[in-house]
Amino acid sequence: AQSVTQLDSQVPVFEEAPVELRCNYSSSVSVYLFWYVQYPNQGLQLLLKYLSGSTLVESINGFEAEFNKSQTSFHLRKPSVHISDTAEYFCAVTPYNQGGKLIFGQGTELSVKP
Amino acid sequence: KAGVTQTPRYLIKTRGQQVTLSCSPISGHRSVSWYQQTPGQGLQFLFEYFSETQRNKGNFPGRFSGRQFSNSRSEMNVSTLELGDSALYLCASSLAREDEQYFGPGTRLTVT
């Protein structure tokens, strides 16, 4: 079985400060890794993904995540956050042999204050 | 290209009734997955359909069922509604089963 743990349920941060949202996973098989973002009253949007290759992946809006196989982690970082980054962020995995199934963490609520 | 659409967006039902939710995937996408989102349990996988066949199922009772049509549109049905079924139901589609999933806006179901 697989599980995803997001270590912080809420992360308050001031605008222009750096932020890290932590994600650890447990799986007996290899997995694909994802970060999704959910704005209030909306569905989920894919932020970035790790399928293979370089362990550092980047999104178009300045977020990046690094896959660490030995620590089974996929932490999300941004060097300088903006008010508009306020949202809930979900880490998720798909086992290689279970395409179509996302297993989500409990989510981290990022609150950016002016 | 149009995104994933879900209808209806909001629904209020009474305990014991049944409900059908609809999902139209992005054109060309053949995999459709369903998720339930609640404050207490978070996002939980319900089931996935690919080429009209259920390929994967989560840990939900048999009251939750679904199907996929030849045009890849999908429906999910919940029978004998319980108060605990109140949730946001999200549908997602992908080109192939291992690709990233694109989510619709969800259907907010309230059971009274």
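Let's see how each residue does on (1) touching a residue at least 24 places away in the same chain (Cβ under 8 Å); (2) part of a strand (DSSP E or B); (3) more than 14 Å from every other protein chain (Cβ to nearest Cβ); (4) among the hydroxyl-bearing types (Ser, Thr, Tyr):
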{"residue": "B:Ser33", "(1), (2), (3), (4)": "yes, yes, no, yes"}
{"residue": "B:Gln44", "(1), (2), (3), (4)": "no, yes, no, no"}
{"residue": "B:Tyr49", "(1), (2), (3), (4)": "yes, yes, no, yes"}
{"residue": "B:Phe60", "(1), (2), (3), (4)": "yes, no, no, no"}
{"residue": "B:Leu90", "(1), (2), (3), (4)": "yes, yes, no, no"}
{"residue": "B:Glu100", "(1), (2), (3), (4)": "no, no, no, no"}
With respect to the numbered conditions (1) of a type in the set (Val, Ile, Thr); (2) more than 14 Å from every other protein chain (Cβ to nearest Cβ); (3) buried (at least 18 other Cβ atoms within 10 Å of the Cβ), which one is the sole condition not fulfilled by B:Thr107? (2)
Within the range B:12-25, can one find any residue that is modelled with pLDDT under 95 and either closer than 30 Å to A:Ser3 by Cβ or not in a strand (DSSP E or B) (or both)? no
Taking the range A:52-86 as the search range and keeping residues that are farther than 15 Å from A:Gln6 by Cα and among the small types (Gly, Ala, Ser), which one is nearest to the chain's Cα centre (by Cα)? A:Ser59
Restricting the search to the range A:1-38, which residues are in a strand (DSSP E or B) and either touching a Phe, Trp or Tyr at 6+ places or on another chain (Cβ under 6 Å) or on the phi > 0 side of the Ramachandran plot (or both)? A:Val4, A:Leu21, A:Cys23, A:Leu33, A:Tyr36, A:Val37
Determine, yes or no, whether A:Lys78 is among the basic types (Lys, Arg), touching a Phe, Trp or Tyr at 6+ places or on another chain (Cβ under 7 Å) and surrounded by 15 or more Cβ atoms within 10 Å (Cβ to Cβ). yes
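Considering each of A:Gly105, A:Gly62 in turn, give the residue that is surrounded by 18 or more Cβ atoms within 10 Å (Cβ to Cβ) and over 19 Å from B:Tyr102 (Cβ atoms).
Details: A:Gly62 fails: surrounded by 18 or more Cβ atoms within 10 Å (Cβ to Cβ).
Step by step, each of A:Gly105, A:Gly62 is checked, and only A:Gly105 is surrounded by 18 or more Cβ atoms within 10 Å (Cβ to Cβ) and over 19 Å from B:Tyr102 (Cβ atoms).
The values are calculated or read from the model by the stated rules, or taken from the named source; none is laboratory data. These numbers come from a predicted model, not from an experiment. All Cβ positions, glycine included, derive from the backbone under ideal geometry; neighbour counts span all protein chains shown.
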